[in-house]
Amino acid sequence: MTEPGNHVHISGDSNGPMIFGGVVHGNVSGGTGNTGETETAAELRRLVAELLVLVRESEVAKREVIEDNLEELADAAGSEVDPAVPVSRWEKVQKLLNGTAELAGLTVRISEQVTKLWPD
């Protein structure tokens, strides 16, 4: 006599990004909604995660304040928040990192994403 086997059938598409260690990898494709904004939010979170690593490895002044503000900025990306909050967090980080030449390129790219997500 043959015993019944366990069979699992999974079908369909997954168009969402993968999240590993709190960092979004990939973009949302397909589906409905404003995917441009979602891609911008994902890119902002990726850039912020990259900056967080560099800040944690550096001897920059007020590192904990910078880290906290960057984490709040990343949390706000893709969320419905008052735009003044994430923008003010980013402005504070920029002021604290002012003059840190090795981070200048990354901060410019983050500024671009912040402006796309929360235009004036």
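Taken together, the values in this text are just the output of simple stated rules run on the coordinates, not laboratory data. All of these numbers come straight from a predicted model, not from anything done at the bench. Cβ placement follows ideal geometry from the backbone for every residue including glycine, while neighbour counts extend to all protein chains displayed.
Looking at region 36-62, which of its residues are among the aliphatic types (A, V, I, L, M) and either loosely packed, with under 14 Cβ neighbours inside 10 Å or under 14 Å from the mean Cα position of the chain (by Cα) (or both)? Matches in region 36-62: Ala41, Ala42, Leu44, Leu47, Val48, Ala49, Leu51, Leu52, Val53, Ala61.
Looking across region 95-110, the residues that are free of Cβ contacts under 8 Å to residues at least 40 places away in the same chain and surrounded by fewer than 16 Cβ atoms within 10 Å (Cβ to Cβ) come down to Lys95, Asn98, Gly99, Ala101, Ala104, Gly105, Val108.
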